[in-house]
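Take a look at the structure below.
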Amino acid sequence: MTAPQLFALTPGEPAGIGPDLCLLLAQQAQPKPLIAIASRELLAQRAGQLGVAVELIAVGPDAWPDTPSAAGSLYVWDTPLAAPVQPGQLDPANAPYVLETLTRAGRGCLDRQFAAMITAPVHKAVINQAGIPFSGHTEFLAELTHTEQVVMMLATRGLRVALVTTHLPLKDVAAAVTAERLTRVTRILDQDLRSKFGIARPRILVCGLNPHAGEGGHLGREEIEVIEPTLERLRGEGLDLVGPLPADTLFTPKHLERCDAVLAMYHDQGLPVLKYKGFGAAVNITLGLPIIRTSVDHGTALDLAGSGRIDSGSLQVALEHAYQMAASRA
């Protein structure tokens, strides 16, 4: 079956910069039909506040476009708000609206109406204030798609970093780096690099957990007892894995020029390097889902909403990755 060529864009928190980002993107032609799943009224209001001229073209399941929109226009699948929006002012009443945009995009990808979904930032706290338990995009989409294990990977031009553990206190990381978790995460990373990025045999550099990758057990035994045996078993399955390597020297050109991704053991081991290299031009990619989902690498920036002082670089990179991944999967 031919992969669809429609792409879904969710603006996230309506009081944040997501609507502004959509309007910025509308100023330039896109190579594929991009559908903003959003309140048309909200986008029109924000365009007026920003002084942006844009044609908002109504589309939906009964009338999908078959050509990309021209510069100065944006396809919109209208999704009504529950309450009026003022830039920068959160309102729990609109939490169901945010989740409805994600649901429409996610189900559209599952039903193959959309080739991929691209998400702008949500505000987790205000959704929880509305009485809706919400941990984030990743967990929401995992539940929507009935996916047991997902992997967070951030990418910028020239570097991809995936994580074995994500949002854990540092004191809990070592216990969480188990052979089972490391096996699951590494297999997902390898599989998605093949299926969603078109890399025939990905080479993955794996960080050690401890300084100097444990230095032969003198600085910790996790490498000897957990990481090295697990990597050796996975190599037996045909995975091209290098490591565990000391994280302080792994992120150097000598190593990175010959790899397709880095697997870091915890959040602040890998992501500071990636964000230093590509802050404002990085993308968050959820691996392990049966759909393609990319996202910006920043938050809602409530203080900048409606100001016109924003940079759409991260969203543009998220779009580029979504287009490329969909093409690799076609």
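The values are calculated or read from the model by the stated rules, or taken from the named source; none is laboratory data. These figures come from a predicted structure and were not determined experimentally. Here the Cβ positions follow ideal geometry from the backbone for every residue, glycine too, while neighbour counts run over all protein chains shown. Protein only, heavy atoms only, side chains kept; ligands, DNA and RNA dropped before computing areas. Shrake-Rupley method; radii C 1.70, N 1.55, O 1.52, S 1.80 Å.
Note down the nm distance, to one decimal, between modelled labels 7 Å out along Cα→Cβ at residue 71 and at residue 129.
4.0
What whole-number distance in Å separates the alpha-carbon centres of segment 125-149 and segment 166-231?
Segment 125-149 and segment 166-231 have Cα centres separated by 26 Å.
Taking only Cα atoms, what is the 0 to 90° angle, nearest 10, from helix 179-195's long axis to the longest principal axis of the chain?
That helix lies at roughly 60 degrees to the long axis.
With a 1.4 Å probe and all protein chains left in place, how much of the accessible area of segment 1-107 comes from carbon and sulfur atoms, in whole percent?
Values: 2240 of 4290 Å².
Its accessible area is 52 percent carbon and sulfur atoms.
Over segment 213-316, what percent of the accessible surface lies on carbon and sulfur atoms, probe 1.4 Å?
Working: 2390 of 4680 Å².
About 51 percent, which is the carbon plus sulfur part of the accessible surface.
Please work out how much length the chain gains when fully extended from residue 304 to residue 89, using 0.36 nm per residue of separation minus the C-alpha to C-alpha distance, in nm with one decimal. Provide the component values of the computation, followed by the final result.
On the way: separation 215, 0.36 × 215 = 77.40 nm, distance 1.13 nm.
Length gained between residue 304 and residue 89: 76.3 nm.
Please list the radius of gyration and Dmax for the chain, considering alpha-carbon atoms only, with Å as the unit.
Expressed in Å, the Cα Rg and Dmax of the chain come to 20.5, 64.
Over segment 44-120, what relative contact order in percent results from Cα pairs under 8 Å that are six or more residues apart? Kindly include the intermediate steps, with their values, before the conclusion.
Numbers: 52 pairs, mean separation 14.6, N = 77.
Computed over segment 44-120, the figure is 19 percent.
Once label points are set 7 Å from the Cα along Cα→Cβ at both residue 256 and residue 168, what is their separation, rounded to one decimal in nm?
Between residue 256 and residue 168, the simple spin-label model gives 2.6 nm.
Which of the residue pairs 32/254; 196/275; 171/254; 171/196 have a Cα-Cα distance greater than 25 Å in the structure shown? Please report the intermediate quantities before stating the final value.
Working: 32/254 36 Å; 196/275 23 Å; 171/254 31 Å; 171/196 34 Å.
Over 25 Å Cα-Cα: 32/254; 171/254; 171/196.
Between residue 176 and residue 53, what's the calculated FRET efficiency when r is the beta-carbon distance and R0 is 56 Å? Round to 0.05. Intermediate results must be reported in sequence, preceding the final value.
Values: r = 51 Å, r/R0 = 0.90.
For residue 176 and residue 53, the calculated efficiency is 0.65.
Would you mind estimating how fast segment 209-275 diffuses translationally, via Stokes-Einstein at 4 °C and 1.567 mPa s with the Kirkwood radius over Cα pairs, in µm²/s? Present the calculation step by step, with values, prior to reporting the outcome.
Values: Rh = 12.7 Å.
Answer from the Stokes-Einstein relation: 102 µm²/s.
Helix-only mean residue ellipticity at 222 nm, the chain, DSSP H runs n ≥ 4 weighted -39,500 (n - 2.57), per residue, nearest 500. What is it?
Details: 12 runs with 118 residues, N = 330.
Counting only the DSSP helices, I get -10500 deg cm²/dmol.
Which whole-number percentage describes the relative contact order of segment 18-174, with Cα contacts under 8 Å and a sequence gap of 6 or more? Kindly include the intermediate steps, with their values, before the conclusion.
On the way: 183 pairs, mean separation 27.6, N = 157.
Worked out over segment 18-174, it gives 18 percent.
Specify the inter-centroid distance of segment 3-66 and segment 279-318, based on alpha-carbon positions, in whole Å.
Computed from Cα coordinates, the inter-centre distance equals 15 Å.
Before I look further, what does the chain give for accessible area per residue, probe 1.4 Å, in whole square angstrom? Before the final figure, lay out the partial values.
Numbers: 14150 Å² over 330 residues.
Value returned for the chain: 43 Å² of accessible area per residue.
Quick one: if you stick a label point 7 Å off each Cα along the C-beta vector at residue 277 and residue 27, how many nm between them?
So the two model labels end up 2.9 nm from each other.
When the accessible area of segment 120-206 is split by element with a 1.4 Å probe, what percent falls to carbon and sulfur? Don't jump to the answer; show the numbers that get you there.
Details: 2040 of 4030 Å².
Looking at segment 120-206 in its full context, I get 51 percent from C and S.
Quick one: ranking 279, 114, 197 by accessible area, 1.4 Å probe, largest first, what do you get?
Numbers: 279 150, 114 5, 197 35 Å².
Descending order: 279, 197, 114.
Which whole-number percentage describes the relative contact order of the chain, with Cα contacts under 8 Å and a sequence gap of 6 or more?
On the way: 661 pairs, mean separation 76.1, N = 330.
Relative contact order for the chain comes out at 23 percent.
Quote to one decimal, in nm, the extra length available between residue 82 and residue 328 on full extension: 0.36 nm per residue of separation minus the C-alpha distance between them. Walk me through the numbers before you get to the answer.
On the way: separation 246, 0.36 × 246 = 88.56 nm, distance 3.83 nm.
Stretched out fully, the residue 82 to residue 328 stretch lengthens by 84.7 nm.
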